[in-house]
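The values are calculated or read from the model by the stated rules, or taken from the named source; none is laboratory data. From a predicted model like this one, the values you see are computed outputs, not experimental measurements. Every residue, glycine as well, gets a Cβ built from its backbone with ideal geometry; the counts of neighbours run over all protein chains shown.
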Amino acid sequence: MYHDRFAVRSISGREREVFLGILEGCSNQEIADSLGICVKTVEVHVSSIYRKIRVKTRGQAIIWWMASIKGFPSLTRRKKRRK
């Protein structure tokens, strides 16, 4: 799998929201419902994400994200440390 360090920056805000849905294991329908958009729009965003990060499947996209986690901070959930 090819990792383009600039791919993260090329993903739009809406694509990031869709990507988060993918990472959470949501279907395209679930992502569409949660974002208030149609399934076809989600499919277009998913295809665009795949093209930008050069993958072909959801599994590959998740692996790509895990390998690139430092470059994608808006998708990581930061937990507050207890004092």
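Couple of notes before you dig in:
- Among helices (runs of 4 or more DSSP H) entirely within the chain, having at least 1 residues that are among the hydroxyl-bearing types (Ser, Thr, Tyr), touching an Asp or Glu at 6+ places or on another chain (Cβ under 7 Å) and modelled with pLDDT of 85 or more singles out 39-53.
- All positions within the stretch 16-36 that are of a type in the set (A, V, I, L, M, F, W, C) and farther than 19 Å from Arg51 by Cβ: Cys26, Ala32, Leu35
- If you go through the stretch 30-49 and keep only what is touching a residue at least 24 places away in the same chain (Cβ under 8 Å) and not β-branched (Val, Ile, Thr), you end up with His45, Ser48.
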